[in-house]
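See structure below.
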Amino acid sequence: MYVVGNWKMHGSQALIHQFLPKLCEQLSGDVNVGLCVPFPYLPACAGMLSGNVKLGAQDVSEHQTGAYTGEVSAGMLAENGAKLAIVGHSERREYHGETNALIGRKAAAALAAGITPIICVGETLAQRKSGRAEAVVLEQLDAVLAEFQFSSAREWLLAYEPVWAIGTGEVATVAEAQAMHATLRERLAQHSEAAKGVSILYGGSVKPDNAAALFAAADINGALVGGAALKVNDFLAICAAAADE
Ligand code: 13P
């Protein structure tokens, strides 16, 4: 099981100093935990996180180096202690025009630098209401994978984040989330032997009170957590629910 926090553009040095020591001290059980923070906080967090919490970034450049003002390369992330990088979050797709092909190239750049990409897919409310949720999500997955080569399921993570459930308090029902995860699992199995065993995280209003039910579903292998990852007690509770699974 995986529980990865995504701080998005939240946090401060004060939050780091309040959150990280408590997280490392109180975390227990068998769960893979990650925390994806804004770029400038990577060095401070790297110095404070213990081995069982992996540090991550929220984006990465597709390029290794060069004249790309404002971009951050996977090598730079690795040098600053990052082990994970979220790629293709719906907020990057929506506000920065990221395409599936770009997201695939970003995942490839991360992997080449030894960083585990967390590839995000998910449909909007309009797409779900028009009955196209599965088609949209599978198309995203296929198009990203066309640009991204890997040799083992352990090299990356997939996150299903329905856009309508992000930051809205409206969580997908366990049945809705499980159904999409099963669909993704089936497509991964068709893709390749290496893709078959990839862990699929659910994201979208995961909280301490709904985490256990989600984690009990057969194809939900963890969570990508936004708002609740800014409150250390909530994040610890979600990690504990994953460890119990
Ligand atoms: P919330 O948990 O705040 O809905 O955010 C989910 C998310 O976007 C994680 O990447």
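Some points to look at:
- For Ala159, the amide hydrogen comes within under 5 Å of the amide hydrogens of Ile119, Cys120, Val121, Leu201, counting only partners 5 or more places away or on other chains and with H modelled in the peptide plane.
- Cleavage-rule hits (chymotrypsin sites (Phe, Trp or Tyr not before Pro)) in the stretch 1-69: DSSP loop, at most 15 neighbouring Cβ within 10 angstrom: Tyr68
- Nearest-20 debye value, the stretch 105-144 charge dipole, Cβ charges on Lys, Arg, Asp, Glu: 140 debye
- Entries of Lys129/Lys196; Lys8/Lys196; Lys22/Lys207; Lys8/Lys83; Lys196/Lys231 with Cα pairs more than 24 Å apart: Lys129/Lys196; Lys8/Lys196; Lys196/Lys231
- Amide H within-cut-off set for Val3, under 5 Å, with H built and near neighbours excluded: Asn32, Val33, Gly34, Ala223
- Summarised in one figure, the compactness ratio Rg/Rh of the stretch 176-245, Cα atoms and Kirkwood Rh, is 1.03.
- Length gained on full extension, Ala143 to Thr173, computed as 0.36 nm times the residue gap minus the Cα-Cα distance: 8.1 nm.
- The charge dipole of the chain, taken about its Cα centre with unit charges on the Cβ atoms of Lys, Arg (+1), Asp and Glu (-1) only, comes to about 220 debye.
- Accessible surface calculations at 1.4 Å, restricted to protein heavy atoms, place the chain at 43 Å² per residue.
- Charge-dipole axis of the chain as Lys and Arg at +1 and Asp and Glu at -1 on Cβ define it, positive-most pick from Ala241, Trp156, Leu35: Leu35
- GNM on the chain, alpha-carbon springs under 10 angstrom: the most fluctuating residue among Ala135, Ala108, Ala67 is Ala67.
- Over the stretch 105-245, relative contact order from alpha-carbon pairs under 8 Å, at least 6 apart, %: 22 percent
- Dipole magnitude for the stretch 111-169: computed about the Cα centre from +1 point charges on Lys and Arg Cβ and -1 point charges on Asp and Glu Cβ, it is near 180 debye.
- Sequence-ordered 3J(HN,Hα) estimates for the stretch 147-160 from the Karplus curve with 6.51, -1.76 and 1.60 and θ = phi - 60° stand at 9, 10, 9, 8, 10, 8, 5, 7, 7, 8, 10, 10, 10, 9 Hz, glycine and proline given as x.
- Against the criterion of solvent-accessible heavy-atom surface with a 1.4 angstrom probe, Leu125, Leu111 sort, most first, into Leu125, Leu111.
- Accessible surface of the chain [probe 1.4 Å, protein heavy atoms]: carbon and sulfur percent: 50 percent
- Size of the chain as Cα extents on the principal axes (Å, biggest first): 46, 45, 33
- Taking 0.36 nm per residue of sequence separation and removing the Cα-Cα distance, the Asp244/Glu186 pair yields an extension gain of 18.3 nm.
The values are calculated or read from the model by the stated rules, or taken from the named source; none is laboratory data. Just so it is clear, the structure is predicted and the values come from calculations on it, not from any experiment. Here the Cβ is made from the backbone with ideal geometry for all residues, glycine too, and neighbour counts use every protein chain on show. Areas reflect the complete protein model, heavy atoms only, side chains present, ligands, DNA and RNA absent. Shrake-Rupley method; radii C 1.70, N 1.55, O 1.52, S 1.80 Å.
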